[in-house]
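So the structure is just underneath, and the comments pick up after that.
The values are calculated or read from the model by the stated rules, or taken from the named source; none is laboratory data. These figures come from a predicted structure and were not determined experimentally. As a convention, Cβ positions derive from the backbone with ideal geometry for all residues, glycine included, and neighbour counts pool all protein chains shown.
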Amino acid sequence: MTTTRTDWAQRFSERMGRVRASEIRELLKLLDQPDILSFAGGIPNPALFPTPQIQASYDAILSDPVLAAQALQYSVSEGYLPLRQWIAERMSRDGVPCDAQNIMLTAGSQQALDLLGKLFISRGDTVMVARPTYLGALQAFNGYEPTYLDLPETALSEGVDLDVLMDGRTARPLGYFVPDFANPTGKSLSLVEREALLDMAGTLDMTLIEDGAYRELRFTDQALPTLLALDIARSGSIEAARTLFCGTLSKTLTPALRIGWVCGPKAVIEKLVLLKQGADLHVSTVNQMVAHRAVSEGYEQHLGLLRNTYAARAQTLLSALERHMPAGVRWTVPEGGMFVWVQLPEGMDGKTLLERALAEERVAFVPGEPFFAEVPVTNAIRLSYSLPEDGQIEDGVARLARLIARMA
């Protein structure tokens, strides 16, 4: 009998042509090389995980026969009710009056983006994003085959002709934005820009996805209102709002628990629950229960530790950039989050710089090109300050600056 080797590439769906490996995930492999000074990951610092509290939560739950039976069993797709109630109360204090029925728990906010893409995007639909935007959102949406529309950087502050901007694209677009300390730039939308974005959404009848992954990592006590809070102030209630808020405990508690959520009108949550059932039934029950215990006591103090630590690291990075970088290099000044966006001199390519940085200076970072949905910018890179210590930041920036000077 003659057998032929199956050509799997011919059997994949058309949408797989838009699916690409994450350059950031690939760069994380470099963390295993001890001589690499890495600004690449953009992941939480494990030294700041509340490990003893999480361990105590697991022990308390699994040592109680009643709780253990619940924790190790299947559960409802909406998520563990006490945790949803805690999230709803917290969001209500943040200007978003809601209850547990407005919350669905997801396996990290990344799954929330995937489910929202499945719910709202049909082939060819328009998805409006910032320029640049979060690479993980593009990966989540790509499988649903949208067309992207980069919002010009000055559109919200200076205005834009929407007819020219849309240029005949599909009506009723989906918008995805990170208003607070965005990945990759570290920038935040001002209050004026947030209101302008809601004005634009109203004119275009656009559904907004607000990614609040870094919102809790602000360096000051002052927080601007969320898009959803501003939307509710205009519309009168969460049920009348057009904004969906995605939150996560991955950046503040630990990524391994995989706890994210969507907050929005009940009509949307009900449909997302159906999609969640088809995806994985529910988030790990024991992890949801552990997360609830971990945030129920001492969470504000823990957030204070995170904010102070990351603020100090950010200042170290900014000071090092100021001292070492040659003329022609510019960067953002974040007020929260984990990232600084560096604009290289004209003509310098971020990917080429990375290749040489790894080979010549043993420094890693993320090139800027993958963060653009439409026309990419190649002379930019993303630096994360969440993992390296102060001395490593100083040394890494000095090495990188030397290489940029040589290449320039």
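Before we move on, is Arg313 basic (Lys, Arg), within 27 Å of Phe177 (Cβ to Cβ) and in the same structural domain as Asn379 (by TED's automatic domain parsing)?
On the way: basic (Lys, Arg): yes; within 27 Å of Phe177 (Cβ to Cβ): yes; in the same structural domain as Asn379 (by TED's automatic domain parsing): yes.
Judged against the criteria, Arg313 is a match.
Just checking, which of Val286, Val340 is modelled with pLDDT of 95 or more and outside any helix (DSSP H, G or I)?
Val340
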Given (1) under 30 Å from Trp341 (Cα atoms); (2) in a helix (DSSP H, G or I); (3) at pLDDT below 95, number of the condition Arg15 does not satisfy:
(1)
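Taking segment 142-170 on its own, how many of its residues are part of a loop (DSSP other than H, G, I, E, B) and either surrounded by fewer than 11 Cβ atoms within 10 Å (Cβ to Cβ) or not assigned by TED's automatic domain parsing to the domain that holds Lys187 (or both)? Break it down stepwise before answering.
Step one: filter segment 142-170 for residues part of a loop (DSSP other than H, G, I, E, B), giving 143-146, 151-154, 159-161, 167-170.
Still in the running and either surrounded by fewer than 11 Cβ atoms within 10 Å (Cβ to Cβ) or not assigned by TED's automatic domain parsing to the domain that holds Lys187 (or both): 154, 161, 167-168.
Residues meeting the conditions: 4.
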When you scan segment 265-272, do you find a residue that is under 26 Å from Arg307 (Cβ atoms) and free of Cβ contacts under 8 Å to residues at least 60 places away in the same chain, even just one?
no
Which residue out of Gln101, Gln111, Gln70, Gln139 is in a helix (DSSP H, G or I), among the polar types (S, T, N, Q) and within 23 Å of Ala380 (Cβ to Cβ)?
Gln139
Please count how many residues of segment 189-220 are closer than 22 Å to Gly264 by Cα and in a loop (DSSP other than H, G, I, E, B).
6
Would you tally the residues in segment 44-56 being within 29 Å of Leu135 (Cα to Cα), hydrophobic (A, V, I, L, M, F, W, C) and either over 20 Å from the mean Cα position of the chain (by Cα) or at pLDDT below 95 (or both)?
1
Residue match in segment 247-258 (condition: closer than 16 Å to Gln111 by Cα, assigned to a helix (DSSP H, G or I) and touching a strand residue (DSSP E or B) at 6+ places or on another chain (Cβ under 8 Å)):
no
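In a helix (DSSP H, G or I), in contact with a His (Cβ under 7 Å, 6 or more places away or on another chain) and farther than 30 Å from Leu318 by Cα - does that describe any residue in segment 86-96? So that I can check it myself, show each step before the final result.
Of all residues in segment 86-96, those in a helix (DSSP H, G or I) come to 86-93.
Of the ones still in play, those that are also in contact with a His (Cβ under 7 Å, 6 or more places away or on another chain) are 86.
Within this subset, residues satisfying the condition of being farther than 30 Å from Leu318 by Cα are 86.
Within segment 86-96, one or more residues are in a helix (DSSP H, G or I), in contact with a His (Cβ under 7 Å, 6 or more places away or on another chain) and farther than 30 Å from Leu318 by Cα.
Got a sec? Which of Gly347, Gly304 is over 13 Å from Ala401 (Cα atoms) and either modelled with pLDDT under 95 or assigned to a loop (DSSP other than H, G, I, E, B) (or both)? Walk me through it before giving the result.
Numbers: Gly304 fails: either modelled with pLDDT under 95 or assigned to a loop (DSSP other than H, G, I, E, B) (or both).
One residue alone meets the criteria, Gly347.
Given the options Arg218, Arg194, Arg169, name the one that is among the basic types (Lys, Arg) and within 14 Å of Met128 (Cα to Cα).
Arg169
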Count - residues of segment 201-233 that are free of Cβ contacts under 8 Å to residues at least 60 places away in the same chain, surrounded by fewer than 17 Cβ atoms within 10 Å (Cβ to Cβ) and either under 27 Å from Leu165 (Cβ atoms) or in contact with a strand residue (DSSP E or B) (Cβ under 6 Å, 6 or more places away or on another chain) (or both)
3
Exclusive hit being within 30 Å of Leu174 (Cβ to Cβ), part of a helix (DSSP H, G or I) and over 16 Å from the mean Cα position of the chain (by Cα), set Ala294, Ala267:
Ala267
